[in-house]
Structures are given as structure tokens and as C-alpha cells.
């Protein structure tokens, strides 16, 4: 049997760098073909301190460990694909390749190979989304922000859908992030995977409901979001949980002073407990202590108490 050698981690990173480079060039070509927003280019080695990140970059959070892995691959093999930049007043701005840029900075490089484009804001935003939109590690919020950046360039949502490769209904879900309150968008900037596009659309509708009052109900939304962040609640149950928290707060149960809770002890050792509240009575005893006679006595005691209640209600 022929043994197949699996590619090394370094080999996989090299392939990924090459693939990213092809994706970058494809993104640039798509924008050029659409409406000629990009003009002539040249390649040069640039002072890395003159380069700033892309303001239209969809990615809000960069995985530091992955940047280090990429840096190791670049250290071993060099920068396989130059980054893409555009000239701005005080230097250059990244169009595509920010992770490669960060990896080179991590390595302490003072210069980086770059292809320089003449591109306006619209072209830069479109190239950023073309390069990044289908990456698996990009959150719905990050995709939504990227789509929002270019939505004004398309007359119809069907055109935007066709360009991004997303369904028309998904386009509306992604764009819903933009209609969320500023406090929630601020939280998403730091934790972009907090909610998905379905919940973004559901929350926008929920916040518009006549019964929703932010000053009263925001704390319950925050509580449910905290549960999502702590993996104590699934995305599917987010809105039902918010509604439950609001309902419980507005119709509180009996206070703890109406709850009875006692323990049973035998020879100084806990052997069970008794609790009672407005909802139920619970008696727990270690089974080895319960003989048939004791079990019958407990049953008869409860039956007699219920009979007394029945007689009382008839009077």
C-alpha cells in the first residue's frame, strides 16, 4: 500500500498564502471589470511605517496566534504575494493583505513589497469585501459591515446579492446589523461573533416593538447577551430568553421569605430535606432509611391533609 505523505503545517500555510494572493488579484479584477474604479499600478518596496490599515477591512478581530504562524511561514519562505495598497496624503493605505502586513511587522521588517493602485474609497471597499467575504472565520457582523460599506454602489438589492454571492434574504439580514442601537454595535466591534445575522434581524424588529422600552428592558437584553458570550445560551434561544427575562421581571414570583427549606438529620448526619414554595412541596430522604411502613405513613399523612382541605372547601 502506497503511503501518502500529508503536507506539513508549513506547507499548508504556504498554500494558504498563495491562495490568498490569488483571491486578492481576483478581487481587484472584479472591481476593475465592474466600473473601472482602479487605474494603473506599479510594484515597489515600501517603508512599512508609512502604511496604515484599510478602514474598510471587514475583519474586526485578528487572531494573534494565526498572525504568528503566518510570520513563521514568511520568515521561512519570504513574502510570496505582495500586499495591495493605495497612495494617500501621508503615505499608503492597505487595500488587501493586512494579515501579511501584520505578520511582517511582527517579524520586525522595515519594508514590505507592495503593489500600488490608484483606487478611490469605493474601489477600496469593494476590493476588501471581494477578498474577504467568503472566509470561514469571518463573523456575520463583519460580513454585514463590509456589505454596508458598498451597498450604496448598487441600485437594487438583487445587484448587491449577485455581486457578493449572498441570497437576497441574507442581504437584508446582514444589513440589519446597521440598524441595531449604537451600544450593541459597540459591543459587536469588540466581540463580532456575539450574534448571527438571524438574531440581528430579529433584534431590530424586537427593538421596534411598542412594548419595548430601552430604559427598562436593556438590562435584560444585556443579560441574555452575556449568557451567549459565556456559552450558557444558544443563538436560537436568544430572543425567547430576553422575553422570558422581561416577563419574569415584570411578574415576579413570591419572595424568598415565603419559601420554606429545611434539612432532616439523623445522628448529626444530613439524610434529606424538605422545601416548600408557592409552586410545590418537595421531600427528599435517603432511600435506605425508608421502610414500607414509613413510606405508607408519609403517604397517609399527605392524603389526610388533602382530605382536610377538601372538607374545609365544602364548608
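None of the figures in this text is laboratory data; all of them are computed from the coordinates on show. If you're wondering where the values come from, they're calculated on a predicted model, not measured in any experiment. Heads up, the Cβs are rebuilt from the backbone with ideal geometry, glycines too, and the neighbour counts pull from every protein chain shown.
Some observations on this one:
- Extension gain (nm, one decimal) between residue 157 and residue 211, 0.36 nm per residue minus Cα-Cα: 16.3 nm
- Theoretical gain in end-to-end length, residue 308 to residue 179 [0.36 nm per residue, Cα-Cα removed]: 40.4 nm
- Subtracting the Cα-Cα distance of residue 106 and residue 251 from 0.36 nm times their residue separation leaves 46.7 nm of extension gain.
- Overall shape of segment 179-250 was characterised from the C-alpha gyration tensor. The equivalent ellipsoid obtained from it has semi-axes of 18, 15, 11 Å, in decreasing order.
- 24 Å tail of the calculated P(r), segment 109-217, as % of Cα pairs: 35 percent
- Cα→Cβ-extended label distance, 7 Å offset, between residue 301 and residue 244, nm: 3.4 nm
- Residues of segment 80-100 with amide N under 18 Å of a point placed 7 Å along Cα→Cβ from residue 50: 82-96
- Segment 170-209, Cα convex hull volume normalised per residue, Å³: 59 Å³
- Ordering 150-157, 89-96, 216-223 by mean Cβ neighbour count within 10 Å, with the highest value first, yields 89-96, 216-223, 150-157.
- Packing-based exposure ordering (other Cβ within 10 Å, fewest first) of 49, 182: 182, 49
- By other beta-carbon atoms within 10 Å, ranking 166, 66 with the fewest at the front produces 66, 166.
- Pair-distance profile P(r), taking every C-alpha pair of segment 260-309, with 10 angstrom steps and integer %: 22, 48, 28, 2
- As a calculated quantity, the FRET efficiency between residue 269 and residue 235 at R0 = 45 Å, using C-beta atoms, amounts to about 0.50.
- Every Cα-Cα pair in segment 148-269 was counted, and those over 22 Å apart are 51% of them.
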